[in-house]
Structures are given as C-alpha cells and as structure tokens.
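Q: Can you read through this structure? Questions will come right after.
Laboratory data are not the source of any read-out in this text; all were calculated from the coordinates shown. Nothing here was measured: the structure is a model prediction, and the numbers come from that model. Backbone-built Cβ (ideal geometry, glycine too); neighbour counts: all protein chains shown.
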Amino acid sequence: MLLKYTRTFYALLFISGLTTICLSCNSSANDVDSATRGSNTSASNEIFELNFQIKGLAAGHYYLTGMYGGQFYTIDSFAIENNGQALIHRPALLPQGMYYVVLPDRYTSIQFIVTDEQKFSMTSDVNNLVGNMVVKNCEETFLLYHNLKFEQKYRGEYEALKQKINSTPRGSREAAILEVERQEKIDERIAQIQKDAAEHPDAFFTTFKLAGQNPRIKAQKLPNGEDDNARIVTLYRQQYWDAVDFSDGRLLRTPVYTNKLRSFFENIVPQHIDSLVKYAEIVTNASMQNDSLFKFTANYVGMKYQSPTFMGSDAVYVYMVENYFTHERAFWAKSHEIDRLQLDASIRHSSMLGEKAKDLEVIAPDGKMISLLDSDAELLVLYIYTPNCENCQKETPLVKKAYDAWKSRGVEVFALCTDPDEKLWKNYIDQNDLDWTNAFDPMIESEYTFKYHIDITPEIYVLDRNRIIVARDLHAFQLDEILGRHIR
C-alpha cells in the first residue's frame, strides 16, 4: 500500500493546529485570544467560585465541564453532599463561555455562562430544575435561565397545540384556526428573543442566543402563484449567518457555532464542488474578524474535506490550503507544516477533476519507455497499484473485468505498478493475465507521486478523449457506470 501514512500525516498537521486551540481550554482567562471580545485580564487574586445547591441531588462525584469547538472537556471533579450543595472553586478565572455541571450519569448536565462575573450562586431543586432556578451575581447565567424558563413553558404549550393539530381533520376550519395559532405561538417565541436581545444588547447571552436562530423566510411566489420553494431555500442559505457575530470568539466555547457550521455544510449548502468552495470562502472570510474563529473555521473546513466525501470533494481542501494555510494567514502553524500542506495541495490540484492529465514516461515489460498520453484510446483508465497490497489484490480482478467488457469500445487501462521489485511486478502481470498497458517506474523518474494524488493504493483515474480527468478516487465496481457515462 503506497504512501499509507500520507493521510494520517497531513491530518496531524491540521490537528496540531486544533490541539493548540484545545490546549488553551485548560488555561486561565488571560490566555484567551486577545481578539476575543470581552475577555478578562487575569490577576493573581481573581478566581472562579460557584456556590451550587440543587436540593434532591444525590451525593456523589460531579464534573465541571467546558466546551471548545463542539468538544467537551473535563476541568475538574468535585463532591456534592447529601443536601445537594457544593462549592466549585478554581484558582484562576475560567475562559468566558458556556460551562456545565455534569451529573454522575455523565449525560445529565446543568449549564451556566460566565464572562466577567465569576463568583456567583445557583440554587434549585430536582423537581423543576429550570423553573425553580435562582441565580445571584451572574447576569449572563440569569439571562440564560430567564430564557430557559420561557422555552420550557413555550415547549409545553407548543407540543399541546401540535397534538391538537394532529388530531384535527386536515382541511377543516378548525385545522386552519389551529394553524394560525401555531404561527402566532412561533411569532411569540421570536418576539421574546428579540425583546430580550433589545434589553440586553451587550450581553454575551444575547450574542449566543441570536447566533443560534435560523432565518425566517417569508413566502415566495412564482409568477403563476405557486410557491417558489427554490427561492426560499436560496434566501435561507444566504441569510443563514446573518445573526452570527463573527467578532466574538467566545462562541467557540458554546455548542452553537460548531453545530451551525456542521449543519451548514452538511444540510444547507448544495453538495457539489463549486457551491462548497463558494461557501467555504464566504464563511472563512467572515470568520477572519476573530483570530480564534478563523483558526477553528479554517481547520474545520479543511479537515472535513481532506478525505473526499464524494468524488472530487477534496477540491474544497485544496482551496482551503491554497488560500488560508499560507505563511501570511496560518499564524498558528509552523513554517515547515505550511510548506508540507502546500505541497500536498499542489499535488492534489494537478489531479483534480477537470484538470488536464499530466504525462508519465515509464517502463514497459519489454524495457522500452512508454508514455501515458501517447495512448489513442477513447477513454483511458489510469490504474495505480501495488502487487502485494491487499486492496489491490481485490480490485485488480474487478478492473480487469471492466476492461474486458469495455476494451472493444475504445477503453484502455494504463496500469502503473508502484513497487520497485521488477520480478514481483512481472509475476503479478502473468498471474492475473493483465493484457492491458503495463508500466513500471522503480525510481519514480516520472515523478508520478507529484503529478497524481496517491493517498493509498489502488488509485483509479479516468481520462477522457482530451485527457481531461473526468473521474478519480474510484472503486473498481464504479468503472462500468463511469465508462458508460463518458464513452461515445
């Protein structure tokens, strides 16, 4: 298996950037990115202290947990006594953001937000933890539970209304009335969020809450009066980030930014390369308002598409590396790491879909030199393999089967062996009856590793009549479909 460590190596380059971020989760507040709005300047006598009492909680070990970039991390553990009381103390301020007291079951948690106020109290009881919560000396957490109490009441009323709608005959007058009530209930929730935001415009809770809201798009109509659903989807995508304050890196210490980023690229953006690149650029450029958000966003998008999720989608990774993992912009990465990423992106770029295939001058079984682009085949399959690779041993017979089915229609296979053992190569040809164009380059004189991205072997490329790359990263079973699509 050629270059079997390549994927791991380059993933580690990205992760090294993320690790640097995550390590800061355990730092004191003065380590928070200086570009993060509202960060504290820590002094030696500044501490975090939470007087915590939830009546009815069982005694046991609980966990103070933070979040960064969608990942939870444990800060400390502490004991809660039989009366549900504990004093949670840290010798330095916590980085500003959202935190959780995680119960012994490791699933249930009690959340709070800290910014400047880091000595406060929370009291409630297990019968109605949210409804009976009393917060003192922390406005951000007070606002959080003010909202949670509203949401708790709202959800109960909304679910009851949905049940009535579901049990009412569709198209009836009563159903129409209930639908109006449902819309009014949604409007009520939006109005409450907007009211709270207007009353507390500078609160981090407001930044957090608004960032989590999805756009509401008014009905769009076609000229014939029918609903213009395509326009609604487009407007939703365009307005998706409007309520996010990209200047506030504290959003990384909440679930909202990572969840929004994940949903955007998986559910909102059309899953084709041009759209993914377009919106990767839009979101990453917006994130550059804050160093922490930019660093995280560039790493997240780059890593997401480093391994293709569909054919050619690593073009997004290539775009991210070429434009953001540069010496000028990737301030978190070491110079040699950037150089390696740029080299990897350059190799991938040269063999992306739509690129002109690079020529390879290699050795044929008779010892003569042959050229990849000298072939006059209608379609050319470049099959890069290693004889003793387990996957190659499974794929080669399937490639051979496809070749036998399509060679009469102008398909040729150019099979390049990556192992330097000539005897092994020739034995493999004989054992598998490989009557296509066989090639060998033991010293890599053709520089094929710099012309074609070879993550693991086998790699399969399909070149059209003009030797444009029309398919790559294939499994052998996909060849019939691809060849049928492109053959004249």
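Q: Identify, among ILE363, LEU380, ASN391, the residue whose Cα sits farthest towards the positive end of the charge dipole of the stretch 361-402, taking +1 on the Cβ of Lys and Arg and -1 on the Cβ of Asp and Glu, with the dipole about the Cα centre.
A: Highest projection toward the positive end goes to ASN391.
Q: Let me have the 222 nm mean residue ellipticity of the chain computed from DSSP H runs of 4+ only, each contributing -39500 (n - 2.57), with the sum over all residues rounded to the nearest 500. Intermediate results must be reported in sequence, preceding the final value.
A: Values: 14 runs with 195 residues, N = 488.
The helix contribution divided over the chain gives -13000 deg cm²/dmol.
Q: For the chain, with only Lys/Arg (+1) and Asp/Glu (-1) charged at the beta-carbon, what is the dipole magnitude about the Cα centre, in debye rounded to 20? Present the calculation step by step, with values, prior to reporting the outcome.
A: Values: 52 positive and 66 negative charges, 269 e Å.
Here the chain has a charge dipole of around 1300 debye.
Q: Among the aspartates and glutamates, select those whose C-alpha is under 12 Å from the C-alpha of LYS55, and discard any that sit fewer than 8 residues away in the same chain.
A: Within reach: GLU81, ASP125.
Q: Nothing charged except the Cβ atoms of Lys and Arg (+1) and of Asp and Glu (-1): what's the magnitude of the dipole of the stretch 240-350 about its Cα centre? Round to the nearest 20 debye.
A: Its charge dipole is roughly 280 debye.
Q: Does the stretch 118-219 come out rounded, prolate or oblate, given a ≥ b ≥ c as the square roots of the eigenvalues of its C-alpha gyration tensor, rounded meaning a/c under 1.5 and, failing that, prolate meaning a/b above b/c?
A: Judged from the Cα gyration tensor, the stretch 118-219 comes out oblate (a/c at least 1.5, b/c at or above a/b).
Q: I would also like to ask the following. So what are the stretch 251-311's ellipsoid semi-axes, whole angstrom, largest first, if each one is the square root of 5 times an eigenvalue of the alpha-carbon gyration tensor?
A: So the equivalent ellipsoid measures 19, 12, 11 Å along its semi-axes.
Q: Taking only the Cα atoms of the chain, how large is their convex hull per residue, in Å³?
A: In the chain, the Cα hull volume divided by residue count equals 218 Å³.
Q: Averaged over every viewing direction, what's the projected area of the C-alpha convex hull for the stretch 398-455? Give it in nm², one decimal, please.
A: On the way: hull surface 18.9 nm².
Value for the stretch 398-455: 4.7 nm².
Q: Scan around HIS453 for amide H atoms under 5 Å from its own, H built in the peptide plane at 1.01 Å from N, and keep only partners 5 or more places away or cross-chain.
A: Correct list: SER351.
Q: Please state the charge dipole magnitude for the stretch 145-211, taken about the Cα centre, from unit charges on C-beta atoms (+1 on K and R, -1 on D and E), reported in debye and rounded to the nearest 20.
A: Values: 12 positive and 12 negative charges, 58 e Å.
Charge dipole of the stretch 145-211: 280 debye, to the nearest 20.
Q: A further question on this structure: Long-range amide H contacts for ILE75: which residues qualify at under 5 Å (H placed 1.01 Å from N, peptide plane, sequence gap of 5 or more or a different chain)?
A: Under 5 Å from the amide H of ILE75: LEU64, THR65, GLY66.
Q: Could you pull out every one of the lysines with an alpha carbon less than 20 Å from that of LYS356, ignoring same-chain neighbours closer than 8 positions?
A: LYS356 reaches LYS451.
Q: Still on this model: The stretch 83-135 to the stretch 394-464: how many Å between their Cα centroids?
A: So the separation of the two Cα centres works out to 61 Å.
Q: Which entries of LYS304/LYS426; LYS185/LYS221; LYS221/LYS260 show an alpha-carbon separation above 31 angstrom in the structure shown?
A: Beyond 31 Å: LYS304/LYS426.
Q: Amide H of GLU355 versus every other amide H placed in the peptide plane: which residues, excluding those fewer than 5 positions away on the same chain, fall under 5 Å?
A: ILE469
Q: At q = 0.15, 0.18 Å⁻¹, what base-10 log of I(q)/I(0) does the Debye formula yield for the stretch 361-486 when every alpha carbon is treated as an equal point scatterer in vacuo?
A: Listed by q, the Debye log ratios stand at -0.63, -0.94.
Q: Another question about this same structure. Percent antiparallel among DSSP beta bridges with both residues in the chain, to the nearest 5?
A: Roughly 70 percent of the beta bridges in the chain run antiparallel, per DSSP.
Q: Among the trypsin sites (Lys or Arg not before Pro) in the stretch 302-393, which ones are in a DSSP loop with at most 15 other Cβ atoms within 10 Å of the Cβ? Mind listing them?
A: Loop-located and lightly packed - LYS334, LYS368.
Q: What chymotrypsin sites (Phe, Trp or Tyr not before Pro) in the stretch 142-241 are in a loop by DSSP, with at most 13 other Cβ atoms within 10 Å of the Cβ?
A: Loop-located and lightly packed - none at all.
Q: Give the Cα extents of the stretch 240-350 along the principal axes, in whole Å, largest first.
A: 38, 31, 18
Q: Any idea what log10 I(q)/I(0) is at q = 0.11 Å⁻¹ for the stretch 48-135, Debye with uniform C-alpha scatterers and no solvent?
A: Log10 of I(q)/I(0), two decimals: -0.27.
Q: Here is a follow-up. How big is the Kirkwood radius of the stretch 184-301, worked out from every pair of different alpha carbons and given in Å to one decimal?
A: Numbers: mean 1/r = 0.0635 Å⁻¹.
Final number for the Kirkwood radius of the stretch 184-301 is 15.7 Å.
Q: For every other residue with a beta carbon closer than 14 angstrom to the beta carbon of ASP242, add +1 if it is Lys or Arg and -1 if Asp or Glu, then tell me the sum.
A: +2
Q: Report the label-to-label distance for GLN393 and GLN220 in nanometres (one decimal), using points 7 Å from each Cα along the Cα→Cβ vector.
A: In this crude label model, GLN393 to GLN220 measures out at 5.5 nm.
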